[in-house]
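Data first, discussion second: the structure below is written as structure tokens.
The values are calculated or read from the model by the stated rules, or taken from the named source; none is laboratory data. Please read all numbers here as calculations on a predicted model, not as lab measurements. So basically every Cβ, Gly included, is an ideal-geometry build from the backbone, and we count neighbours across all protein chains shown. Side chains are part of the model used for accessible areas, which takes the heavy atoms of the whole protein and leaves out ligands, DNA and RNA. Shrake-Rupley method; radii C 1.70, N 1.55, O 1.52, S 1.80 Å.
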Amino acid sequence: MSLAFTVHARDGAARLGKLETAHGVIDTPVFMPVGTAATVKAMTPEAVAATGAQIILGNTYHLMLRPGAERVAKLGGLHKFMHWPGPILTDSGGFQVMSLGPLAKVTERGVAFQSHLDGAKYDLTPERSVEIQHLLDATITMQLDECVSYPAEEKRAADAMRLSLRWAERCKAAFDARPGYGLFGIVQGSTFQALREESAAGLQQIGFDGYAIGGLAVGEPQEAMFKTLEETVPHLTEARPRYLMGVGKPSDLVGAVQRGVDMFDCVLPTRSGRTGQAFTRRGTVNIRNARHAEDTRPLDAQCRCPACANHSRAYLHHLVRSNEILGSVLMTWHNLTYFQDLMAGMRAAIAAGQLAAFAADFHAGEAAGDIEPL
């Protein structure tokens, strides 16, 4: 394996670990902010680092269309291009391509699709996906897979899972293994336990640096996601990191860490920040609501971010209602800080053997709801 992963503590199924890469060490459990098109929206790289983020996510599909993987390589790779020296994980592009619907055609060879930007035709094969991620200089490369929507018929889920397994073999063969760089396989199978077990076994037979759990966060209830994790995680080796793709809400993160997941990514904190929704220790807050218009208190009194340290709810309300860019910046900065502090809290709780108590406090805070209006 090209990535060194060490588990330092356990609390139930949860693990405290370190993943050593060519671009730095990652403490797990970890949340990866999404920088789809070589930017975490509304944030500078320095601001992202200030939230506590150690690794970010980029996207093969969007970067292959614009500015192009070859151009990024010519300009020194994604780390230099976007001024992020730390680790970068790149999504293979499969999920975005599948979301194109009739603009994409899946065959054994790969996916033929038309760009959503200009209609230009592209072929994304497992080999080309790995090549693009290599050109981007991704620290962690993801295999190309086929993700089905929820709910899915069992035969449809089985066909997609087995195609993903065949593509996984081709990705492994195409990957240029280097010290500190890794390739992750993706477990598919929708919510069918037997399919998840078959996928996990097949991927581990091929051998990857880490194992992602894909095909969740596609509309299924949280209970279904947790049940699928409980049926999947025990079939993944203890020796490698486990990554739940596209998840999620704070309660999703807490529940998934309790079920043995080590890595997460989601657009939720950044997208919500740009639309005026904040995540706090007392649940979610819609800063656009009129109740905040003259509230001199911070968004979250326990938060260390600039929005909470320097500004009132009233000011944030004004910025967001006025569509000022600074509103998106401060709200995004807050949400990413909250997510990173949540992960740091869970890491400390696992180290102390207190994750159950931490989770209970978290749920109690969310259930309490926002502070009373002035």
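Consider segment 60-79. How many of its residues are in contact (Cβ under 8 Å) with a residue 24 or more places away in the chain and either open to solvent by less than 10 Å² (accessible area, probe 1.4 Å) or assigned to a helix (DSSP H, G or I) (or both)?
13
Before we move on, is residue 162 in a helix (DSSP H, G or I) and loosely packed, with under 14 Cβ neighbours inside 10 Å?
So residue 162 fails the test.
If the Cβ limit is 6 Å and pairs must be 6+ apart or interchain, which residue in segment 160-184 that is of a type in the set (Lys, Arg) pairs with which residue that is surrounded by 24 or more Cβ atoms within 10 Å (Cβ to Cβ) and assigned to a helix (DSSP H, G or I)?
170/126
Among the numbered criteria (1) among the hydroxyl-bearing types (Ser, Thr, Tyr); (2) under 18 Å from residue 30 (Cα atoms); (3) open to solvent by 10 Å² or more (accessible area, probe 1.4 Å), which one does residue 191 miss?
That leaves (2) as the condition not met.
For the subset of segment 205-216 comprising residues that are closer than 12 Å to residue 243 by Cβ and of a type in the set (A, V, I, L, M, F, W, C), which member is surrounded by the fewest Cβ atoms within 10 Å (Cβ to Cβ)?
208
Quick one: is residue 144 open to solvent by 10 Å² or more (accessible area, probe 1.4 Å), at pLDDT 95 or above and among the aliphatic types (A, V, I, L, M)?
The answer is no for residue 144.
For every residue, the table says whether it meets (1) touching a strand residue (DSSP E or B) at 6+ places or on another chain (Cβ under 6 Å); (2) acidic (Asp, Glu); (3) at pLDDT 95 or above; (4) over 19 Å from residue 17 (Cα atoms).
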site	(1), (2), (3), (4)
209	yes, yes, yes, no
241	yes, no, yes, no
245	yes, no, yes, no
255	no, no, yes, no
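Could you grab me the full set of residues in segment 200-241 that are farther than 30 Å from residue 282 by Cβ and of a type in the set (Lys, Arg)?
Residue satisfying the conditions is 240 alone.
In segment 217-261, which residues are more than 13 Å from the chain's Cα centre (by Cα), of a type in the set (D, E, K, R) and open to solvent by less than 40 Å² (accessible area, probe 1.4 Å)?
220, 231, 240
Looking at segment 100-122, I want the residues that are free of Cβ contacts under 8 Å to residues at least 12 places away in the same chain and of a type in the set (Gly, Ala, Ser) and have a partner that is open to solvent by 40 Å² or more (accessible area, probe 1.4 Å) and assigned to a loop (DSSP other than H, G, I, E, B) with Cβ atoms under 6 Å, at least 6 apart or on another chain. Which pairs are those?
none
Six or more apart or on different chains, Cβ atoms under 7 Å: show the pairs whose first residue is in segment 37-49 and part of a loop (DSSP other than H, G, I, E, B) and whose second is open to solvent by 50 Å² or more (accessible area, probe 1.4 Å) and not charged (D, E, K, R).
37/62; 38/81; 43/333
Name, by its number, the condition in (1) assigned to a loop (DSSP other than H, G, I, E, B); (2) farther than 28 Å from residue 38 by Cβ; (3) at pLDDT 95 or above that does not hold for residue 179.
(2)
Tell me the residue from 274, 288, 282 that is surrounded by fewer than 23 Cβ atoms within 10 Å (Cβ to Cβ), touching a helix residue (DSSP H, G or I) at 6+ places or on another chain (Cβ under 7 Å) and closer than 25 Å to residue 59 by Cβ, please.
None of the other options fit; the residue is 274.
Between a first residue in segment 282-297 that is touching a residue at least 60 places away in the same chain (Cβ under 8 Å) and a second residue that is open to solvent by less than 10 Å² (accessible area, probe 1.4 Å) and among the aliphatic types (A, V, I, L, M), which pairs have beta carbons less than 6 Å apart while being 6 or more apart in sequence or on different chains?
Short answer, once both residue conditions are applied: 285/278.
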